[in-house]
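Beneath this line is the structure, given in structure tokens, with notes to follow.
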Amino acid sequence: MPAVTVQDLTVLPRISPPAEAATRRPVADVVTAPRAFEGEGFPVRRAFAGVDLTLLDPFIHMDQMGEVEYAPGEPKGTPWHPHRGFETVTYMIDGVFEHNDSNGGGGTITNGDTQWMTAGGGILHIEKPPEWLVQKGGLFHGVQLWVNLPKAQKLTTPRYQDLRGGDVGLATTDDAGVLVRIIAGEIGGHQGPGSTYTPMSMVHATLAPTARLELPWRADFNALVYVLAGNGTVGAERRPVSTGQLAALGAGDVVTVEASARQDGGTPSLDVLVLGGQPIREPVAWGGPFVMNTRAEVLKAFEDYQRGNFGEIPAVHGAPTQVVEN
Ligand code: MN
């Protein structure tokens, strides 16, 4: 799992251990992500399936894309499709993903890069591996998270940000047993680069066997721990978790994760994504690619999309501008 790696963790700044009196968050629920296929058929795990939306708030949906080793000619992406009413955060751990949208945003993300797209009032986009990767095949592994927008910002102007892996905030624990990558938010005085309309934190941590991580966590944020690979325990009561499981935590000041002494052969460490944000506490109406407050707003989004109000699909160099049939 490359993402951003560091050879010698002892050179990194330390996250101070939380006070003894701080409240370690308990586990409210643990679910196992079902496997599914997205877009033109790439395998995903639906990380939040079956979790109460109030525990997820301000998050809506998350897919772990892969991890999969594609044969030559096999990699798949999505066709052009619309979104409205939320933001997507796409974090690439292994492999390469290309993005283009009707707002003129676009780019390639790879090993530890993150792309933030505010769909706002409406955007069309396409997400796919580059052509050379399709021909060559290779490893593909990433995460896409949907962050809700509050009612007042659902129709905001679309926006696109690319964050390079090198911008990610890096820190470790006192015993240097954990690599903490801060992708968004502030953790114990260490800052990550990402910014969304809804305040949130996102951390990718790699724990050596038996290592323990205590992350100071804003009490007004929710807290979710998703296991990308490996096994260990989460929360004050040390609930066992393993690859593809999500723990939603209750109230408190500290998120606790511990790696088991024995890890699977293929994954020498425990890799987790820790997420939290300020709950929006508004009604959620979610239909397909649209996340709004009411059913009528979702139907309106489908209508607007069908009328072509989400913008134009940009011209692709060399591609016909009229429909060609033969
Ligand atoms: Mn999409």
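The values are calculated or read from the model by the stated rules, or taken from the named source; none is laboratory data. All of these numbers come straight from a predicted model, not from anything done at the bench. Virtual Cβ from ideal backbone geometry, glycine too; neighbours counted across all protein chains shown. Side chains included, ligands, DNA and RNA excluded: accessible areas come from the protein's heavy atoms. Shrake-Rupley method; radii C 1.70, N 1.55, O 1.52, S 1.80 Å.
Scanning segment 73-96 turns up no residue that is open to solvent by less than 10 Å² (accessible area, probe 1.4 Å), within 15 Å of the ligand (Cβ to nearest atom) and free of Cβ contacts under 8 Å to residues at least 24 places away in the same chain.
Note on segment 98-114: among residues that are open to solvent by less than 10 Å² (accessible area, probe 1.4 Å) and either touching a Cys at 6+ places or on another chain (Cβ under 8 Å) or assigned to a strand (DSSP E or B) (or both), the one that is farthest from Leu179 (Cα to Cα) is Asp101. Scanning segment 298-315 for residues that are in contact (Cβ under 8 Å) with a residue 40 or more places away in the chain and either within 21 Å of Met200 (Cα to Cα) or more than 16 Å from the ligand (Cβ to nearest atom) (or both) gives Asp304, Asn309, Glu312. As a summary of the residue check, Pro240 satisfies the conditions (1) under 21 Å from the mean Cα position of the chain (by Cα); (2) assigned to a strand (DSSP E or B) except for the one numbered (1). Per the listing Thr110, Thr114, the residue uniquely under 17 Å from the mean Cα position of the chain (by Cα) and away from the ligand (no atom under 16 Å from the Cβ) is Thr110. Restricting segment 122-136 to residues that are in contact (Cβ under 8 Å) with a residue 40 or more places away in the chain and away from the ligand (no atom under 16 Å from the Cβ), the residue that is least open to solvent (accessible area, probe 1.4 Å) is Leu133.
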